[in-house]
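Peer 1: The structure that follows is given in the form of structure tokens.
The values are calculated or read from the model by the stated rules, or taken from the named source; none is laboratory data. Just so it is clear, the model here is predicted, and its values are computed rather than measured. Note that we place each Cβ from the backbone using ideal geometry, even for glycine, and neighbour counts take in every protein chain shown. Please note that ligands, DNA and RNA were not included when accessible areas were found on the heavy atoms of the full protein model with its side chains. Shrake-Rupley method; radii C 1.70, N 1.55, O 1.52, S 1.80 Å.
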Amino acid sequence: MNQPARTPFVAALADAPLPASGVAWLDQARSENLEAFVDAGLPDTRVEAWKYTALRALAQRSFAAGDAQAASRSVDPAVLALPGVDAPALVFVNGAFRADLSTLDALPGGVSLQPLSRALAEDPEPLRFAMSRHYREPGDAFARLNGAFAADGAVLRVAAGARIAAPLRVLFIGAAADRDVSWHVRNLVELGEGAELTLVEQHLGVGEQAHLGTQLAEFTLRADATLHHAVLQQAGNGSLVRRSHYRLDARAQAHLHVLELGGALARHDLWVELVGDAAAFHSHGAFLPDGRQHMDTQLAIHHRARDTVSSSTWRGVASGRGRGVFRGAILVAAGADGADASLGNKNLLLSPQAEIDTKPELEIYADEVKAAHGATVGQLDERALFYLRSRGIPGAQARTLLTTAFARAPFESLPNEALRQHVDDLLLGRLPA
């Protein structure tokens with residue numbers, strides 16, 4: 001079998017040293033993932049999962065692996081503030097844990113939150129299953145890359161029955177470096193039976209940089225657990241590729257809110273498995289590509305047990321030459337009788353050069369199923385504009401009101417009022433006046 005020619009992207013990382021752990025199984029897994037990445041290279045648009053997201057420009061770039069000075073990069077603590085939310089925070093800069101920026105002294109009882117680097121150094125064996133995983137699908141290049149180089153990230157565990165009222169925060173910051181670097185983080189989150197938690201995940205860009213960041217995250221919710229997960233993505237001008245995998249046991253519930261604002265290239269793969277009876281997953285999100293930004297969200301929800309529920313509401317707003325991609329796939333497996341699944345994706349184009357590609361998918365192999373999905377791409381409703389203008393509201397203001405209300409809709413169900421206000425402020429600062 002002929003191997004693809006090495007691009008500058010692949011060549012630079014193929015020769016980069018892997019993180020040394022001193023743990024035989026981990027070093028072997030990293031080496032095998034790197035070998036698989038080099039052999040396959042980056043996917044092209046012939047791979048279905050990457051049909052609408054071309055990586056030709058990224059393939060011609062080269063990145064240094066890691067950032068040796070990440071522990072001392074200057075970051076103004078003021079940029080870490082989240083108005084109205086005073087919560088313990090775990091902070092990473094260019095993929096490396098920063099104890100000086102983190103605040104972990106006031107963790108509530110029943111919660112363990114620590115950097116992956118520390119967990120691997122102290123007791124790596126409980127992480128063996130997750131950290132030795134291999135990725136074999138044609139579109140898994142960035143997962144392989146992460147499996148090879150990720151040496152840090154967040155390890156969060158909530159004890160069975162612990163109901164944590166105040167939110168926890170995990171922040172990933174891309175900061176200017178001597179050259180563009182690639183950094184990789186791995187997050188492992190587990191909620192015990194009956195546990196409840198609110199987690200705020202933030203991605204921020206500081207200074208001029210065009211790094212590549214990858215993230216793999218695994219969320220395991222045991223029976224009757226509840227997770228409220230808010231993701232605020234305001235990365236810099238680089239590329240950010242993430243994969244989040246949710247696995248829900250019986251009667252577990254996950255409520256996800258995602259706001260995508262940053263990154264020249266931002267890709268987020270969301271994989272959801274409802275493996276326990278009556279498990280429920282609810283997702284709400286908005287992506288707002290502007291300028292020449294490219295934002296790609298891939299949502300796949302698998303109903304594998306009886307009486308499971310999923311609902312998804314996503315909005316896209318593209319301006320300038322921004323391009324958005326959204327794939328929403330629902331699969332109801334054999335035996336998942338009584339499943340109730342709905343997914344909707346509505347999109348607005350605010351300029352003639354903007355583009356959004358949306359692809360709803362629905363597969364059903366079970367009986368007594370309730371399912372609905374749909375997608376639209378268009379411009380502002382002229383009748384609504386006419387109504388507002390007939391009430392004396394100027395045209396530009398009327399457009400802003402309608403666009404803001406459209407983008408804000410997925411976040412009306414966000415339970416934390418301070419977070420909801422912060423999202424409103426971010427939307428108002430982003431949408432064209």
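Peer 1: Nearest 20 debye, what's the magnitude of the dipole of region 77-136 about its Cα centre given +1 on Lys and Arg Cβ and -1 on Asp and Glu Cβ? Write down the numbers at each step before the final one.
Peer 2: Values: 5 positive and 6 negative charges, 80 e Å.
Charge dipole of region 77-136: 380 debye, to the nearest 20.
Peer 1: Taking θ as phi - 60°, what are the ³J(HN,Hα) couplings along region 296-302 by the Karplus curve (6.51, -1.76, 1.60), each to the nearest whole Hz, with x for Gly and Pro?
Peer 2: Per residue, the Karplus-derived 3J(HN,Hα) values read 10, 10, 10, 10, 10, 10, 10 Hz.
Peer 1: Can I ask one more? Ignoring ligands and nucleic acids, what accessible area does ILE364 show with a 1.4 Å probe (Å², nearest 10)?
Peer 2: ILE364 has an accessible surface of roughly 80 Å² with all protein chains in place.
Peer 1: As an exercise, use a Förster radius of 51 Å and the Cβ-Cβ distance of ASP337 and ALA176 to find the FRET efficiency, rounded to the nearest 0.05.
Peer 2: Efficiency at R0 = 51 Å is approximately 0.40.
Peer 1: Would you work out which of THR220, LEU274, PHE9 lies farthest towards the positive end of the dipole of the chain? Charges go on Cβ: Lys and Arg +1, Asp and Glu -1.
Peer 2: Highest projection toward the positive end goes to PHE9.
Peer 1: On to the next question. Using +1 at the C-beta of Lys and Arg and -1 at the C-beta of Asp and Glu, which of ALA375, PHE92, LEU113 has the Cα lying farthest in the positive direction of the dipole of the chain?
Peer 2: ALA375
Peer 1: Would you please give the residues with an amide H less than 5 Å from that of ASN187, counting only those at least 5 places away or on a separate chain, with H modeled from the backbone geometry?
Peer 2: Counting only residues 5 or more places away or on other chains, the set is ALA154, LEU216, ALA217, GLU218.
Peer 1: Let me ask something else about it. Give the accessible area for THR308 in Å² (nearest 10); use a 1.4 Å probe, count only protein heavy atoms, and leave out ligands, DNA and RNA.
Peer 2: 0
Peer 1: How high is the FRET efficiency between ASP277 and GLU125 when r is their beta carbon distance and R₀ equals 25 Å, given to the nearest 0.05?
Peer 2: According to the calculation, E is roughly 0.20.
Peer 1: Here is a further query. Points 7 angstrom from Cα along the Cβ direction at ALA54 and ALA166: gap in nanometres?
Peer 2: Those two pseudo-labels are separated by 5.0 nm.
Peer 1: What list of ³J(HN,Hα) couplings, whole Hz, do you get for region 208-223 from phi and the Karplus terms 6.51, -1.76, 1.60, once you set θ to phi - 60° and write x for glycine and proline?
Peer 2: 7, 7, 9, 6, 10, x, 10, 9, 10, 9, 10, 10, 10, 10, 6, 3
Peer 1: Please compute the modelled spin-label separation between ARG321 and ALA78, points set 7 Å along Cα→Cβ, answer in nm with one decimal.
Peer 2: If labels sit at ALA78 and ARG321, their model points lie 3.4 nm apart.
Peer 1: Check ALA65: other-chain or 5+ apart residues with amide H under 5 Å from its amide H, H built from backbone geometry?
Peer 2: Correct list: SER182.
Peer 1: To continue, here is another question. Please give the calculated 222 nm ellipticity per residue for the chain, where each DSSP H segment of at least 4 residues contributes -39500 (n - 2.57) and the sum is spread over every residue; nearest 500 deg cm²/dmol?
Peer 2: -5500 deg cm²/dmol
Peer 1: Would you kindly derive the ³J(HN,Hα) couplings of region 403-417 from the backbone phi angles with the Karplus curve 6.51 cos²θ - 1.76 cosθ + 1.60 (θ = phi - 60°), listing them in order in whole Hz, with x for Gly and Pro?
Peer 2: 5, 5, 4, 5, 6, 7, 3, x, 9, 5, 8, 5, x, 7, 5
Peer 1: To continue, here is another question. Give me the accessible area of TRP271, 1.4 Å probe, in Å² rounded to the nearest 10.
Peer 2: Looks like 100 Å² after rounding.
Peer 1: Stretch ARG118-SER132 to full length: gain in nm at 0.36 nm per residue minus the Cα-Cα span?
Peer 2: Extra length available between ARG118 and SER132 comes to 3.3 nm.
Peer 1: Then there's this: ALA329's amide H: which non-local residues (gap 5+, or another chain) put their own amide H closer than 5 Å, with H modeled 1.01 Å from N in plane and none for Pro or chain starts?
Peer 2: Amide H to amide H, under 5 Å and 5 or more residues apart or across chains, ALA329 pairs with LEU299, ALA300, ILE301, GLU361.
Peer 1: Tell me, what is the FRET efficiency for ARG6 and LEU104 to the nearest 0.05, using R0 = 45 angstrom and their Cβ-Cβ distance as r?
Peer 2: Computed FRET efficiency for ARG6 and LEU104: 0.60.
Peer 1: Ranked by accessible surface with a 1.4 Å probe, highest first, in what order do TYR365, TYR52, TYR246 come?
Peer 2: These residues rank, largest area first, as TYR365, TYR52, TYR246.
Peer 1: Moving on to the next point. Is the shape of region 62-170 rounded, prolate or oblate, going by the alpha carbon gyration tensor and its root eigenvalues a ≥ b ≥ c, with a/c under 1.5 for rounded and a/b larger than b/c for prolate?
Peer 2: Here region 62-170 falls in the oblate category.
Peer 1: If a paramagnetic tag sat 7 Å from the Cα of GLN69 along the Cα-Cβ line, which residues of region 201-233 would have the backbone N under 15 Å from that point?
Peer 2: From region 201-233, the list is 207-210.
Peer 1: Could you tell me which of rounded, prolate or oblate describes region 67-121, using a ≥ b ≥ c as the square roots of the eigenvalues of the alpha-carbon gyration tensor, with rounded for a/c under 1.5 and, failing that, prolate when a/b is larger than b/c and oblate otherwise?
Peer 2: Details: a/c = 2.90, a/b = 1.11, b/c = 2.60.
Note, shape of region 67-121 comes out oblate.
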